[in-house]
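Throughout, read-outs are computed from the coordinates displayed, never taken from laboratory work. Just so it is clear, the model here is predicted, and its values are computed rather than measured. Note: ideal-geometry Cβ built from the backbone for every residue, glycine included; neighbour counts use all protein chains shown.
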Amino acid sequence: MNEDQLPELATTATQRWTFWFWLIVILLAIGVAGYYFKFAKQAEDNHPQQESRGGKRGYGRGEHEDRPAVVSVETITSSDFPVYLNGLGTVTALRTVTVRPRVDGELTRIAFTEGQQVQAGDLLAEIDPRPFQIQLQQAEGQLLRDEALLKNAETDLNRYQTLLEQDSISAQQSKTQEAQVKQFKGTVAMDKALVNSAKLQLDYAQVRAPIAGRVGLRQLDQGNIVRANDANGIVVITELQPISVVFTLPEDKIQAVIQRWQKNQNLTVTAFDRAGKTKLALGKLKAIDNQIDASTGTLKFKAEFDNKELTLFANQFVNVQMHLETLQKATLVPSAAIQNDTQGAYVYVVKDKQVETRRVVVGPTNAERVVVTGNLAANEIVVVEGFDSLRDGGKVDVAKQDGQAIAAAPDLRPQGEGKPSKRERR
């Protein structure tokens, strides 16, 4: 290589180094710019209302920072509030009887219709009475014979007593006749008992209802041979009018019930269907159990229902609502307005288009309203929807009041619309 070629080589090396240097710089710049715009966009989406230190609009600040929160409100009311205790119960018949035959024999007649309402003493079935009629005839015949023997012995005794007074017979003979009369009297008494027993067996051949109630499905058909020790019997009768419901309440609720029970206050109990929507019957509390179930922490109560409409059936599952008391002129707040934190319950009160956080003490409640004691008054307005962006002292825009739309919230554009453009952010 000659000396003339050395400057050309140096120039070529410098150009290559410069090319690679600027290529690396450009690639780094592109990467930094992409990284910056990506995370600046995420910060803008996550913090649309963030301000820069100088108080001017920055990359994280949204367009609607001072826009009022859109809320729905309801007016606090004051009225009488019935307090109920709710429990789960099972319908229990006051009496359930399995009707069984009391004598053996052929079932010759079924005198009831399945599902029929019967009264005590109504004929339900008949058993062949002929064997019992024969037994009665035998007992009556034996009674007649023994009564005749007794009468003859008494006649002889009267005659012996007359002869004894005349000293015509010995005293021993008169005593023997007197003993024989007593023996025949005992026999006649036994015969009368046998006659009554035969009559009772004949009466048992007619099976009658021991209680009033509704009969179920028959267990035997006509023509079967029945026995007194049959397990299933002929039919089951359940007393449905009146009927009772046994239900449970938590142990922390029972003191209020017991206080009113001891004062002889009538506690009304309403039975609802399994879904808790349809009212079945109205009754009264009749009894309280004497011990708490340790496994469930509940106490049993019994209510009695007239069940005139026959809407309750034995072993039916029901929801029970017991009326405990009625609070007079209670302050009622919508359940949706109650918020909770570590310090307890509070509500947002709206006044002059601003919200105020106010602590409350919650009392009895139902599905829609809550009783609040103190710190709130009737006709004040509380927020029931739109809590996410609320803060104490913040401005609000009421879109709905007491279920009625009253105003449209300003600038209700879809999310993302109206954000600063790239030129504005610069």
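Distance between the pseudo-spin-label points of LEU23 and ARG145 (7 Å out from Cα toward the beta carbon): 14.2 nm. Evaluating 6.51 cos²θ - 1.76 cosθ + 1.60 at θ = phi - 60° for every residue in segment 117-129, the Karplus couplings come out as 8, 10, 10, 4, x, 5, 6, 10, 7, 10, 10, 3, x Hz, glycine and proline recorded as x.
One decimal place: the segment ALA367-THR268 gains 33.7 nm when fully extended, by the rule 0.36 nm per residue minus the C-alpha distance. Reported to the nearest whole Å, the Cα centre-to-centre distance from segment 363-403 to segment 169-236 is 79. Placing dummy labels 7 Å off each Cα toward the beta-carbon, the span from GLN119 to ASP156 is 5.5 nm.
Charge tally around ASN229: other residues with Cβ under 14 Å, Lys/Arg +1 each, Asp/Glu -1 each, net +1. With K and R counted +1 and D and E -1, the other residues having a Cβ less than 10 Å from that of LYS192 yield a net charge of -4. In a fully extended conformation the segment linking ALA405 and ARG208 would gain 64.0 nm over its present Cα-Cα distance, using 0.36 nm per residue. When segment 311-379 is described by a simple charge dipole with +1 on each Lys and Arg Cβ and -1 on each Asp and Glu Cβ, the residue from HIS323, GLY344, LEU312 located farthest towards its positive end is GLY344. Amide H contacts under 5 Å for ALA111: ALA125, GLU126, restricted to partners 5 or more places along the chain or on a different chain, H placed in the peptide plane at 1.01 Å from N.
Neighbour counts of C-beta atoms inside 10 Å place MET190, MET322 in the sequence MET190, MET322, starting with the fewest.
Backbone amide hydrogens, once placed in the peptide plane, bring ALA330 within less than 5 Å of SER79, ASP80, PHE81, excluding anything fewer than 5 places away on its chain.
Scanning residues 5 or more positions from ASP122 or on other chains, those with amide H under 5 Å from its amide H are ALA209, with H placed 1.01 Å from N in the peptide plane. When the P(r) is computed for segment 101-235, the part past 17 Å accounts for 68% of the Cα-Cα pairs. Can you pull out the GluC sites (Glu not before Pro) in segment 237-324 whose DSSP state is coil and whose Cβ has at most 13 other Cβ atoms within 10 Å? Sparse-neighbourhood loop GluC sites (Glu not before Pro): GLU309.
Taking the Cα centre of segment 101-235 as reference, the dipole from Cβ charges on Lys and Arg (+1) and Asp and Glu (-1) amounts to some 200 debye.
Extension gain, TRP261-ASP289: 0.36 nm per intervening residue step, less the Cα-Cα distance, totals 8.8 nm. Cβ crowding within 10 Å, taken as a proxy for footprinting-reagent exposure, orders GLU165, GLU385 from fewest neighbours to most as GLU165, GLU385. Across segment 16-29, rounded Karplus estimates of 3J(HN,Hα) from the backbone phi angles (6.51 cos²θ - 1.76 cosθ + 1.60, θ = phi - 60°) give 4, 4, 4, 4, 5, 4, 5, 5, 5, 4, 5, 4, 4, 4 Hz, Gly and Pro being marked x. All other residues with a Cβ under 11 Å from the Cβ of GLY386 taken together, and with Lys, Arg as +1 and Asp, Glu as -1, what is their net charge? Combined, the nearby Lys, Arg, Asp and Glu give -2. Taking +1 at the Cβ of each Lys and Arg and -1 at the Cβ of each Asp and Glu, which of PRO129, TYR160, GLN183 sits farthest along the dipole of segment 101-235 towards its positive end, judged by Cα position relative to the Cα centre? Looking along the dipole axis, the top candidate is PRO129.
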